[in-house]
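See below for the structure under consideration.
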Amino acid sequence: MKRSEKALKIQAVLDRLYPQPAVPLLHGDPFTLLVAVLLSAQTTDARVNLVTPALFQRAPTPAAMAELSEAEILGFIRSCGLAPAKAKNIRRLSQLLLERHGGHVPKDMAALEDLPGVGHKTASVVMIQAFGVPAFPVDTHIHRLAARWGLSDGTTVEKTEADLKALWPQDAWAKLHLQIIYFGREHCPARGHDPEVCPICAWAGVKTRLAAEARARAAARLSASG
């Protein structure tokens with residue numbers, strides 16, 4: 001099966017399972033989305049959604065957030081991974097939004113990536129989910145699944161992003177980004193995955209990739225037991 005044919009078949013499965021995928025992070029505007037995505041690094045979306053309501057009630061805008069100290073922000077997000085660094089970045093990026101962009105989140109990839117704690121994936125999520133600008137954010141789920149399914153060789157996140165963009169039209173990127181994330185969590189996890197019962201790996205999985213993952217898991221178990 002050609003890669004393009006496989007991509008269309010995978011898209012059909014994802015459309016059946018997740019016809020209208022919602023953005024999993026609670027937010028109300030581009031600023032709160034930016035902060036929520038920044039917080040989600042090394043942390044589950046569920047955890048982020050537990051801490052952001054109180055944070056956003058206290059500081060819903062860049063101006064309000066910039067008035068808080070790092071310690072105050074940390075008090076809201078302490079249960080998130082890498083919380084001290086995130087508190088510092090949230091305060092500083094809020095200040096920079098005021099200084100450089102009039103208190104607004106810029107609709108520009110380079111300007112977003114220039115903010116503290118905002119990498120390419122975070123900027124891509126904001127661009128496509130907040131502004132509707134075509135982007136294909138690649139997180140660990142998407143990177144792993146693209147390799148499992150033979151849609152990319154998985155050498156780098158950048159290569160995966162380019163390969164996926166080439167397979168699907170721009171107007172499908174936002175939906176597919178969310179669909180693949182949900183699928184990875186619910187059907188295709190990194191550990192304990194049974195490809196034979198997976199709705200996509202059962203027919204699209206690259207055998208050499210799946211076999212290598214199985215060997216790595218077995219080696220990890222052996223190392224842990226020894």
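The values are calculated or read from the model by the stated rules, or taken from the named source; none is laboratory data. Note that the coordinates shown come from a computational prediction; the quantities given were computed from them, not determined experimentally. Because the Cβ atoms are built from the backbone with ideal geometry, glycine has one as well, and the counts that use them run over all protein chains shown. Just the protein is used for accessible areas: all its heavy atoms, side chains included, with ligands, DNA and RNA removed. Shrake-Rupley method; radii C 1.70, N 1.55, O 1.52, S 1.80 Å.
You will find that of Leu38, Leu50, Leu55, the residue that is modelled with pLDDT of 95 or more and within 26 Å of Trp173 (Cα to Cα) is Leu38 and no other. For the stretch 149-163, the condition of being part of a helix (DSSP H, G or I), buried (at least 16 other Cβ atoms within 10 Å of the Cβ), touching a His at 6+ places or on another chain (Cβ under 7 Å) and of a type in the set (S, T, N, Q) holds for at least one residue.
Scanning the stretch 183-211 for residues that are in a helix (DSSP H, G or I), crowded, with 20+ Cβ neighbours inside 10 Å and not small (Gly, Ala, Ser) yields Phe183, Cys201.
Here Leu178 meets the list (1) more than 21 Å from Leu38 (Cβ to Cβ); (2) open to solvent by less than 60 Å² (accessible area, probe 1.4 Å) almost entirely, failing just condition (1).
Identification of helices (runs of 4 or more DSSP H) wholly contained in the stretch 1-58 with 3 or more residues that are touching a Ser or Thr at 6+ places or on another chain (Cβ under 7 Å) yields 30-39, 45-58.
Could you grab the pairs with beta carbons closer than 8 Å, sequence gap of 6+ or different chains, first residue in the stretch 145-169 and on the phi < 0 side of the Ramachandran plot, second one hydroxyl-bearing (Ser, Thr, Tyr) and open to solvent by 20 Å² or more (accessible area, probe 1.4 Å)? Taking only residues 6 or more apart or on different chains, the pairs are Leu167/Ser4. Within the set Val138, Val126, Val118, the sole residue that is under 25 Å from Leu93 (Cα atoms), without any contact (Cβ under 8 Å) to a residue 40 or more places away in the chain and open to solvent by less than 30 Å² (accessible area, probe 1.4 Å) turns out to be Val138. Residues of the stretch 66-86 include at least one that is among the polar types (S, T, N, Q), touching a helix residue (DSSP H, G or I) at 6+ places or on another chain (Cβ under 9 Å), in a loop (DSSP other than H, G, I, E, B) and over 27 Å from Ile180 (Cα atoms).
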